[in-house]
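These notes are about the structure you will find just below.
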Amino acid sequence: MRQGTPLLFLAFLLISVNFSFEISYTTESSAPRLNSTRASISPMSPRVILPLYIRLEALEKGNVTLWQSVPKNFSDHVATIESQVLALFVSANSRGANLSADDIENKWLSADYSINAGDYIETLAWVSSKTTAENLSSLGFVQFPTSYPDDVQAYLNSGMKIQADNQTIMSIANGYTRANMTQTVKDVLDFVNTQGYDEEKTRLLLGGNLTTTSIVDFFKDALQIHDSNKSICLERSWYASAILRAAGVPTRTVTDVRLKTWIQVWLPNIGWVDAETLCRDAQPHVGMLPKPISVSTPWMIQNSSDASFPFTWTPKVLMRIANLTFSRVDLFDVNEYRTVLTQPVELELFQSDVAKFRFPIVISNVTEIYGAMTKEGDSVAFSLFGKNENASTVLTMGQSNSITLESIVVSFKPVRWNDFVILQDFSVQGFLSFDIRLVIPIVAVPTVAAAIWLIRKRRKPRR
C-alpha cells in the first residue's frame with residue numbers, strides 16, 4: 001500500500017489539473033465603455049462577411065511593396081453600394097504599412113517587405129457593405145453627351161493594357177459606334193463575346209502554382225486578345241474597355257473577390273452600369289446589360305485610365321500566388337499578422353447590427369472571439385465579443401492598450417490615421433484568469449495525500 005500512495009497522489013493531481021482548466025473562467029472586463037448602453041449581442045450568425053485575402057510566396061530574395069485596394073463605393077444600374085473596411089490585417093513580417101485614398105475615396109494599402117525565398121506575404125481585409133440607393137431607371141435610348149464630368153473623363157483614356165488610341169482598336173470601334181450609347185455597348189459586347197475561353201490560363205491562375213514576375217504581365221493586352229481570339233473574363237473586360245473607350249463610352253473594370261471581372265460603362269443621367277463580358281463558350285445569357293448586382297463586394301474599382309488588377313507588387317520579385325480568396329474562416333490564424341488597420345464604426349450604427357460590423361480575432365473549434373472598433377464623438381473604443389460575454393475599452397492613442405475576454409488577451413498600440421486607426425504591435429495571447437477554485441484542488445490533493453499517509457503511519461503496528 002505504501003507504494004500505491006505516490007500513484008494515488010499523481011492520479012489526484014492529474015484529475016485536479018484537468019478539473020482546474022474545466023472550471024476556469026473570466027469575468028467581463030471592467031474597462032470603461034463609450035456609454036452605459038451595452039450593445040445587444042445576438043447569437044453567432046452562420047453568415048460571415050466575406051474577407052478579401054491575398055497570400056503570395058516569394059521564390060527569390062528581395063525587397064517588395066504589395067499594393068491592394070478596397071473601394072469606398074460602387075454603382076450599377078440596380079443600386080449604389082457603400083463598403084466599409086472593418087479591418088485590414090498585414091502579415092507579421094511586414095516592415096511597415098501605409099494607407100492612402102484616391103480621388104473617388106477608394107482605400108489603398110501598401111505594405112513593405114524584405115523577403116527571402118519561401119517567405120509569405122499576405123493581407124486580409126474584412127469588409128461590410130450597404131446598399132445606399134436604388135436605381136431602376138430604364139436604359140432605353142441614351143445619346144452621347146457633348147462633355148463628360150471630370151471624374152469620368154479618365155475612363156476614356158488609353159492605358160497599358162487598354163490601348164484605346166490604337167489604330168486597330170479605333171477601327172473596330174468605328175464599326176460599332178451608334179447614335180445610341182446603349183446600342184453601342186450592346187453591339188461591342190456582342191463582338192467581344194465571340195472570344196474563345198482560355199481554360200489553361202484559368203487553371204494556372206486558380207491553381208496556386210502561377211509563377212510570374214508580375215501578375216499583370218501574365219495577361220494579354222487588348223491587341224493581343226484581338227489577335228489570339230482567346231481570353232478569360234479579365235482580358236475580355238480590357239478588350240471591351242479599349243473598344244468602348246475608343247467609341248466614346250467611358251468604361252472601367254471591376255473584379256470581385258472570386259476573381260470574376262466585368263465592365264461598368266458610364267451613361268449620362270444614369271451613371272455607372274454593369275455589363276457582362278462573356279465568351280462564345282459560355283452558356284447563353286439573356287439581358288447582359290445591365291448585369292445583376294454582384295453577390296460579393298468588388299475588390300477594386302479601376303480608378304485610372306490604365307488597367308489594374310486588384311493587387312500588384314513592385315519591383316518584380318518572382319512570386320507564387322498561393323491564395324487570392326479566403327472563404328473558410330476556421331483557417332484564419334491571427335498570429336500570422338501584427339499590424340491591423342481598422343475603420344471605426346459609429347456606435348449607434350454598430351449597435352443596430354453588431355454582427356455586421358465585427359470581424360474575427362480568434363476562430364477555433366472551441367473558441368470564437370470577434371473584435372470591433374467603434375467611435376462616438378472623439379472617443380474610440382475597441383471591443384471583444386465571445387459566445388456569452390463581451391468586453392470593451394476606450395483607447396488611449398499612442399500608448400499600449402490591452403483587453404481580455406475569456407481565454408485571450410489582445411494588446412496593441414493605436415495610432416490615428418484620418419478615419420482609420422492603426423493598431424501597431426497587434427498580438428493575441430492565451431490568458432488564464434485567476435480563479436480561487438483553481439487553488440482548491442492544488443491545496444486539497446497534497447493535504448489529503450498527507451492525511452492518508454499519517455493515518456497509515458499511525459496504524460502501522462509497532463515491532
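Some observations on this one:
- Residue check, residue 235 modelled with pLDDT of 90 or more and assigned to a helix (DSSP H, G or I): yes
- Only one of 150, 190 that is more than 20 Å from residue 275 (Cβ to Cβ), of a type outside the set (A, V, I, L, M) and either out of contact with any Gly (no Cβ under 9 Å at 6 or more places or on another chain) or outside the structural domain of residue 67 (by TED's automatic domain parsing) (or both): 150
- Taking the listed residues 139, 124, the one that is surrounded by 20 or more Cβ atoms within 10 Å (Cβ to Cβ), at pLDDT 75 or above and either among the aliphatic types (A, V, I, L, M) or not assigned by TED's automatic domain parsing to the domain that holds residue 313 (or both) is 124, with no other qualifying.
- Restricting 452, 440, 408, 403 to those that are at pLDDT below 90, outside the structural domain of residue 85 (by TED's automatic domain parsing) and touching a strand residue (DSSP E or B) at 6+ places or on another chain (Cβ under 9 Å) reduces the list to 408.
- Residue 196 meets the stated requirement of being more than 16 Å from residue 268 (Cα to Cα), in contact with a Lys or Arg (Cβ under 9 Å, 6 or more places away or on another chain), surrounded by fewer than 16 Cβ atoms within 10 Å (Cβ to Cβ) and of a type outside the set (Val, Ile, Thr).
- Residue 177 passes every criterion in (1) touching a Lys or Arg at 6+ places or on another chain (Cβ under 9 Å); (2) under 22 Å from residue 262 (Cα atoms) apart from (1).
- Residue within the stretch 66-79 that is touching a residue at least 12 places away in the same chain (Cβ under 8 Å), in contact with a Leu (Cβ under 8 Å, 6 or more places away or on another chain), surrounded by 19 or more Cβ atoms within 10 Å (Cβ to Cβ) and among the hydrophobic types (A, V, I, L, M, F, W, C) present: yes
- Residues located in the stretch 189-205, provided they are touching a residue at least 60 places away in the same chain (Cβ under 8 Å) and part of a helix (DSSP H, G or I): 189, 192, 205
- Residues (assigned to a loop (DSSP other than H, G, I, E, B), within 26 Å of residue 236 (Cβ to Cβ), in contact with a Phe, Trp or Tyr (Cβ under 9 Å, 6 or more places away or on another chain) and of a type outside the set (Ser, Thr, Tyr)) located in the stretch 121-162: 159, 161, 162
- The condition of being of a type in the set (A, V, I, L, M), at pLDDT below 95 and over 21 Å from residue 139 (Cα atoms) holds for only one of 189, 206, that being 206.
- Looking only at the stretch 344-357, residues that are modelled with pLDDT under 90 and not in a helix (DSSP H, G or I) come to 1 in all.
The values are calculated or read from the model by the stated rules, or taken from the named source; none is laboratory data. Since this is a predicted model, take the numbers as computed values, not measurements. Cβ atoms come from the backbone with ideal geometry, glycine included; neighbour counts cover every protein chain shown.
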